[in-house]
Amino acid sequence: MRPIQMVDTKTQYQKIKAEVDKAVIDVMESSAFINGKAVQDFAAGLSHYLGAKHTIPCANGTDALQIAMMALGLQPGDEVITPSFTYVATTEVIALLQLTPVFVEVDAKTFCIDPVSLEKAITPKTKAIVPVHLYGHAAPMEEIMAIAKRHNLFVIEDNAQAIGCEYNFSDGAKKKTGVIGDIGTTSFYPSKNLGAFGDGGAIFANDDELAAKMKMIANHGQSKQYYHDVVGCNSRLDSIQAAILNIKLKHLDEYIVARRAAADYYDKAFANHPKIRTPFRAAYSQHVFHQYTLILDGVDNPAEYRNGLKQFLADHSIPAMIYYPVPGHKQKMFEQFNVASQVMPVTDWLTERVISLPIHTELDEEQLSFISTKVLEYIKK
Ligand SMILES: Cc1ncc(COP(=O)(O)O)c(C=O)c1O
């Protein structure tokens, strides 16, 4: 059996090596390392794939969120609502811009922002909502957009974990996540579903003015060379990364199929187990399985039990990860916002019980069978 990894980017690369190597060499020969044709081609290709009017490539998914928030003209002290149960990047940039992060609950099934908790948290200072499409499952965007409309709030979708995910609206319309809110952001970190061979990110918008502003902010606030109209930053996607992503974008749909097939295998293996909740798939969301995350239910001392499972799997050379062991409201970084004592039963419950198994495009049946057998072996103990 091939060694099991959380993400096998090496085997994935071997399958597209000839195309990728040629694309990289082409960039090197052109010497257009910054904002070359590959970057423009990739932005156009991704806009087409997602149905976005504008795609602004940038250096990483954290910058994408920062640039989005800078473009909305938010003022220090303005409140931005976001789930506590997410990767820190989502919330860190809120604080970095001297805005106030307001943490809300997630839904215990989807792991995404809970609309009831969200609406309750709105105050006169609230300016924006940042839903996160966690693990590859969409947040309930139809409800979120309705709430945003009622309260006149901006919506920035953190689509770092769900690129390619299709959202089904109740009227039958379909859209890709990332292009439903005012702004969408994503990350091309190597382990992401559309991963570069280094860092990368992008921002999506349909509004021309907003897109132009974000493009300017990402480029030192420059309207034309050496004329800087607003305070910006320097956030670029390298041409080499764009050339690689251009190739990988052509394969994204087949990558999603492979991830879903692995998830289906696990789902069957763990079906109806009293101590395992497999990932829920809401009718409104396709699941693109950036992570395959189980909830260990009905066990005593869940965090300890989970550590035991993680160690047992590690002893059999199976990696597993806890995404995320500490929710936002309990991070030291956010102590200044007096959020540590916030009561978040769902988030706390999930934090102690989630465990993510290896999921990627290259898992074969032998590996999937071995992983699920070992998980069940431990859980039966
Ligand atoms: C939900 C979420 N938001 C934002 C980011 C930040 O992306 P990056 O690592 O490219 O800055 C990530 C990725 O790590 C993420 O998972």
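The criterion of at least 3 residues that are within 16 Å of the ligand (Cβ to nearest atom) and not hydrophobic (A, V, I, L, M, F, W, C) is met, among strands (runs of 3 or more DSSP E) falling completely within region 168-261, by 183-187. Within region 74-84, is even one residue touching a His at 6+ places or on another chain (Cβ under 6 Å) and closer than 30 Å to I276 by Cβ? Yes, the conditions are met somewhere in region 74-84. For region 113-146, a residue qualifies if it is assigned to a loop (DSSP other than H, G, I, E, B), in contact with a strand residue (DSSP E or B) (Cβ under 6 Å, 6 or more places away or on another chain) and either among the acidic types (D, E) or within 16 Å of the ligand (Cβ to nearest atom) (or both), and the qualifying residues are D114, V130, P131, A138, A139. Residue count for region 305-351 satisfying the condition of being part of a helix (DSSP H, G or I) and among the hydroxyl-bearing types (S, T, Y): 3.
Per-residue answers, yes or no, for (1) out of contact with any strand residue (DSSP E or B) (no Cβ under 7 Å at 6 or more places or on another chain); (2) in contact (Cβ under 8 Å) with a residue 60 or more places away in the chain; (3) in a strand (DSSP E or B):
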{"residue": "I4", "(1), (2), (3)": "yes, yes, no"}
{"residue": "D21", "(1), (2), (3)": "yes, no, no"}
{"residue": "T86", "(1), (2), (3)": "no, yes, no"}
{"residue": "F111", "(1), (2), (3)": "no, yes, no"}
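If we scan region 121-141, do we find a residue that is crowded, with 20+ Cβ neighbours inside 10 Å and free of Cβ contacts under 8 Å to residues at least 24 places away in the same chain? No - not one qualifying residue is present in region 121-141.
Against the conditions (1) open to solvent by 30 Å² or more (accessible area, probe 1.4 Å); (2) outside any helix (DSSP H, G or I), A52 satisfies every one except (1). Of everything in region 147-157 that is open to solvent by 10 Å² or more (accessible area, probe 1.4 Å) and on the phi < 0 side of the Ramachandran plot, the residue that is farthest from the ligand (Cβ to nearest atom) is R150.
Within region 60-69, not a single residue is away from the ligand (no atom under 13 Å from the Cβ) and crowded, with 21+ Cβ neighbours inside 10 Å. Note on region 150-167: residues that are more than 24 Å from A242 (Cα to Cα) and either among the aromatic types (F, W, Y) or part of a strand (DSSP E or B) (or both) total 3. For region 269-277, the criterion of being under 19 Å from the mean Cα position of the chain (by Cα) and modelled with pLDDT of 95 or more is satisfied by no residue at all.
The values are calculated or read from the model by the stated rules, or taken from the named source; none is laboratory data. From a predicted model like this one, the values you see are computed outputs, not experimental measurements. Cβ: placed from backbone, ideal geometry, glycine included. Neighbour counts: every protein chain shown. SASA here: full protein model, heavy atoms, side chains in, ligands and nucleic acids out. Shrake-Rupley method; radii C 1.70, N 1.55, O 1.52, S 1.80 Å.
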